[in-house]
Amino acid sequence: MVDVQAITQLHRICVERWHRRDIDNPYEGFLRLVCEQHERNYRLWHEEDIARSKDVADKDIAQVKRNIDRLNQQRNDLIERLDDALIAELAMTEVVPVAGARLNTETPGSVIDRLSILALRLYHMQEQADRSDADPQHCEKAKARLVVLREQHSDLSNALTELLADLFSGRKRLKVYRQFKMYNDPTMNPYLYAAKKPAA
């Protein structure tokens, strides 16, 4: 079965390492896919920071927005690929859901995505707590938020462990709900396909 501790450790280690050196992916198998998905969240986080800067020119913000759209599309595609990989693993291990096995409201891929974002939030909140150029109240506020974030991370990790146990025992069943994002599809986004029509 998938090791949730290995996933959360990957998230934490990669965030720390990628802030010191180039982005890499030394993992194999399912964890390689987890790392690939985590990378999109890492890149998205920093593009979102740029998008909110008052020092960036409007023409540059347009490119940042396009980067965010592209990365968000990839992020969502990779969430679905994580769930596809788990469905393949369930089939390979011949797990058959019991009669009446229920679906979960959230897939493991979605939970892994949320844990990835929490790892980023924890890293950057710790940065704020450790700032030497900020006033004590700022650092204390960040430390208080870290307590909440760590509890949320623990709760979500435990929930994923329980969900995976239910799936691999057949107590629950897994389906991938395709998001079919339309905004990046030139055949589905009215603004994009209307722009291609010749003027009357």
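What follows is calculated from the coordinates using simple rules that are stated; it is not laboratory data. Remember, predicted model here, so these are calculated numbers, not experimental data. Because the Cβ atoms are built from the backbone with ideal geometry, glycine has one as well, and the counts that use them run over all protein chains shown.
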Seminar exercise, completed: Projected onto the charge dipole of the stretch 1-111 (unit charges on the beta-carbon of Lys, Arg, Asp and Glu, signs +1, +1, -1, -1), the Cα from Thr8, His19, Val56 with the largest positive-side position is that of Val56
Exercise. Do you know the Lys pair count in the chain for C-alpha distances under 26 Å, with sequence separation 8 or more or different chains?
Worked result: 10
For this session: Starting from the amide H of Arg173, placed 1.01 Å from N in the peptide plane, find each other amide H under 5 Å away whose residue is 5 or more places distant or on another chain.
Result: Arg102, Leu103, Asn104
Exercise. Taking a temperature of 25 °C and a viscosity of 0.890 mPa s, what whole-number D in µm²/s does Stokes-Einstein yield for the chain with Rh from Kirkwood over alpha carbon pairs?
Worked result: 128
Seminar exercise, completed: Quick note, the stretch 49-155: a/c under 1.5 would make it rounded; otherwise a/b > b/c is prolate and the rest oblate (a ≥ b ≥ c, C-alpha gyration tensor); here it is oblate
Exercise. log₁₀ I(q)/I(0) of the stretch 116-186 at q = 0.17, 0.20, 0.28 Å⁻¹, via Debye over equal Cα point scatterers, no solvent, to two decimals?
Worked result: -0.77, -0.85, -1.14
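Using a simple charge model, +1 on the beta-carbon of Lys and Arg, -1 on the beta-carbon of Asp and Glu, nothing else, what dipole does the chain show about its Cα centre, in debye to the nearest 20?
Details: 31 positive and 32 negative charges, 121 e Å.
So the dipole magnitude of the chain works out to roughly 580 debye.
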Exercise. Along its principal axes, what span do the Cα atoms of the stretch 149-200 show, with the longest given first and each in whole Å?
Worked result: 60, 31, 8
Problem set entry | For the chain, calculated [θ]222 nm from helices alone, where every DSSP H run of n ≥ 4 adds -39500 (n - 2.57) | -24000 deg cm²/dmol
For this session: Please give the FRET efficiency for Asn158 paired with Ser53, using the beta carbon to beta carbon distance and R0 = 41 Å, rounded to the nearest 0.05.
Result: 0.65
Seminar exercise, completed: The Cα extents of the stretch 1-113 along the principal axes, largest first and rounded to whole Å, are 58, 29, 17
For this session: Run the quick spin-label model on Leu103 and Gln128: label points 7 Å from Cα toward the beta carbon, then report their separation in nm to one decimal.
Result: 3.6
